[in-house]
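Please treat every number below as a calculation from the coordinates, not as lab data. Values in this document were obtained by computation on a predicted structure and should not be read as measured data. Every residue, glycine as well, gets a Cβ built from its backbone with ideal geometry; the counts of neighbours run over all protein chains shown.
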Amino acid sequence: MVIDIAARIIKHNKSVVISFFIIAVISAIAQFSVSVNYNMVDYLPEDAPSTEAMDVMEQEFEGSVPNTRVMINDVTVQEALQVKEQLAAIDGVEDVTWLDDAIDIKTPLEMADQDTVESYYKDNKAIFSFSIRDGDEVPVTNAIYELIGEENAMAGEALDTAISQEMAGSESLYAAALLVPIIILILVVSTTSWLEPLFFLTAIGVSVVINLGTNIFMGEVSFVTQSVAPILQLAVSLDYAIFLLHSFSDYRKKIADPAEAMQLAIKKSFPAIAASAATTFFGFMALTFMNFEIGSDLGLNLVKGIALSFISVMVFLPALTVLFYKWIDKTQHKPLLPSFNKIGSSALKVRIPVLILVFLLIVPAFLAQSNTTFTYGTGDQPEQTRAGSDKIQIEEAFGKYTSMVLLVPKGDVAKEADLVQELESFEPMTSVLSYVNTVSSVIPPEYLEESITEQFYSDNYSRIILHTDAGTEGDEAFSLVESVQETVESYYGDGAYSLGESVTLYDMKNVVQKDNTLVNLLTIIAIAIVLLVTFKSISIPLVLLLTIQSAVWINLAVPYFTDSSLVYVGYLIVSTVQLAATVDYAILLMEAYKENRKEMTSFEAIKKTIDEKIFSIGISASILSSVGFILWITSTNPIVGSIGLLLGRGALLAFIMVVLFLPAMLLVFDRFIDKTTWKANFFKGK
């Protein structure tokens, strides 16, 4: 069947090539209609408490949770009030809060509560908090910068979002500009034709463009997907093209007719490419089961990308190669790298120390990677940037800051007053703004103008705004969220809502931690099933999965031992992606070992296998590692950067484990593999 399809592809090669290029051009145009979502809150499940709270607040109140702070230096109280008016006048700035919202500034400040005053104004510096309308972060923050000038500072979640939006496009181009020459260099030294690498990149490049274009049916993608998926698809599926063209090159030495050689190459390489694509496909499929939908968004995109890459390599690349094979012939060159014939014996000399070392590391690495300090937001901007230095200035002057909003059932003024009084006693609390303590608990709101009451009361709810110095995430911030929620629940039961950045991150933490176990389990099960079908063995999937999973654990344990925090979304995605993407190295080595083992002893078979396959595995690992490290170097987004670093380091570790640890495991468990593999037919001689 494969050979019949191959024959049709070769026969209609011009039509196939033209069709793929037309689809690619249409997709390239279509991708500009796909919007990118930079708001992580949108990817929380609909039943998350903070998501439900946001829905209620949007229905009941016009204002939003403060997500930005501006600090003005060398300013009097009157000048600060003027700045407040100017900020409020900017289209897209909502609910500007300052000292006059917390106390009556007509009375001398010396007579007011000094802790409250210094939360908003001290040392002639004024700090304003407000929200910026979703979707308008870039123009609004630019307008604010124009207003406050270079000498003042701004920080907050909305600014981080604006920076991500502005940098995403330029960073992707920068990453591509670095990556493509590196990949071409790697491919040039791994082939014997100057032009062959362009065929690899064209085949996968077309599938990447088509994948980007088909996102139009999804409507929008997350910023993580936009930044990571195209480059990751390229790195992971480039192997498919290499497998096919290397097989084609081998058959060209035996068969004069290029069309026939390509048909045989398709037939021979199809099982290896299909197995490689299947493990990656089902590994990425596990991401689609995440409740935190950034993972499922990326997973769906990568699953679609792997399927398109597979089709492109098996259909488009053969047609393209047969159409232009003369160009490959005319640009032949001698091998640029030496032979690797003695690597196998060298690798096997260290098999005992490697086995001991890895088995000593597995348990500590497993425990360490599950005890790493995690962050759940997008993290801080680099200190050398204006946003990073501004945030440091603001925190040095006024401390860390986060705001929470409580929505409690309207009506019982006395209960609300008691709640506010209790909340004011919490240590990280800098101020509590509500009707009962800002206006008066004894003045009925219906006697006042709506402009005074609308920020505190809707038809059904009373709004209480909390300002704290606990930060947005971490033990102190999450402990405060829990304490506030428990306190409010003791007054109102399930009838109250809480929201804000720290509340969202607290929910995110709870959601993604549940995702972790599910996604990793699904990945391992899916890949194990593919390996079971591919090798018809019970033991081989166990050996291969232990090899790659050990590399994953060691990789993810590094932040624990270096005492650095890790963005949890990056950790969760890479724990799946590294396993799905690098298990191909183990498959490639195992397939060759199985064949060699039918003709020679286990020691000779593994030595020959390493000599034969280390080059191919090294090329794949170097490409994936380059992709990871370039993402890390070029991205200012902490999530994308952490995915890049983990991926780059993970690919190197997987390569080392497959070349040194897996051969040692195959020697140790050779008899067990023989007995638990259907029709293994291992060589029985001495």
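Here the range 386-502 is assigned +1 on the Cβ of each Lys and Arg and -1 on the Cβ of each Asp and Glu. Its dipole about the Cα centre then comes out at about 240 debye. Multiplying the residue separation of N516 and M218 by 0.36 nm and removing their Cα-Cα distance gives an extension gain of 104.8 nm. When the chymotrypsin sites (Phe, Trp or Tyr not before Pro) in the range 391-428 are filtered for DSSP coil states and for at most 16 other beta-carbon atoms within 10 Å of their beta-carbon, the remaining sites are F426. Considering only S434, Q455, F199, the residue lying farthest towards the positive end of the dipole of the chain is F199, judged by Cα position with unit charges set on Cβ. Positive end of the dipole of the chain (Cβ unit charges, origin at the Cα centre): among A664, I23, V77, the Cα lying farthest that way belongs to A664.
As I understand it, the value is the acute angle between the Cα axis of helix 137-148 and the longest principal axis of the Cα atoms of the chain; what does it come to in degrees, rounded to 10? Tilt of helix 137-148: around 50 degrees. Relative to the dominant Cα principal axis of the chain, helix 196-214 is inclined by about 40°. Here the simple spin-label model places points 7 Å from the Cα toward Cβ, and for A397 and I3 these points are separated by 7.8 nm. Annotation: amide H of A470 within the under-5 Å range of T402, sequence separation 5 or more or interchain, hydrogens built in the peptide plane.
Charges only on Cβ, +1 for Lys and Arg, -1 for Asp and Glu: so what's the dipole of the chain about the Cα centre, in debye to the nearest 20? Here the chain has a charge dipole of around 7720 debye. For the pair E489 and E476, label points projected 7 Å from Cα toward Cβ lie 2.5 nm apart. Filter the cross-link list K536/K608; K254/K334; K125/K415; K253/K330; K334/K608 down to pairs whose alpha-carbon distance in this structure exceeds 26 Å. From K536/K608; K254/K334; K125/K415; K253/K330; K334/K608, over 26 Å: K125/K415. On a 0 to 90° scale, report how tilted helix 602-634 is relative to the longest principal axis of the chain, with both axes built from alpha carbons and the result rounded to the nearest 10. It works out to around 30 degrees. Which residues does a label at Q165 reach in the range 28-50, if reach means a backbone N under 11 Å from a point 7 Å past the Cα toward the Cβ? Flagged as within label range: 36-39.
Computed per residue of the chain from DSSP H runs no shorter than four, each worth -39500 (n - 2.57), the mean residue ellipticity at 222 nm is -22000 deg cm²/dmol. Taking the fewest neighbouring Cβ atoms within 10 Å as the starting point, the ordered list for V224, V354 is V354, V224.
Given their separation in residues at 0.36 nm each and the Cα-Cα distance between them, D123 and V189 gain 17.4 nm when the chain is fully extended. Projecting the Cα atoms of L355, V627, V640 onto the dipole axis of the chain, where Lys and Arg carry +1 and Asp and Glu carry -1 at the beta carbon, places L355 farthest toward the positive end. Cross-link reach is defined here as a Cα-Cα straight distance under 18 Å, omitting same-chain residues fewer than 8 places apart; for K613 the aspartates and glutamates meeting it are D239, D250, D584, E591, E595, E599, E604. Here's the list of aspartates and glutamates a cross-link from K598 could span, going by alpha-carbon distance under 13 Å and ignoring same-chain residues fewer than 8 apart: D670, D674. Multiplying the residue separation of D74 and K679 by 0.36 nm and subtracting their alpha-carbon distance yields 209.5 nm.
Across the range 354-366, rounded Karplus estimates of 3J(HN,Hα) from the backbone phi angles (6.51 cos²θ - 1.76 cosθ + 1.60, θ = phi - 60°) give 5, 4, 4, 4, 5, 5, 6, 8, 4, 5, x, 5, 4 Hz, Gly and Pro being marked x. Modelled spin-label separation between S35 and L323, with each label point placed 7 Å from Cα along the Cα-to-Cβ direction: 3.7 nm.
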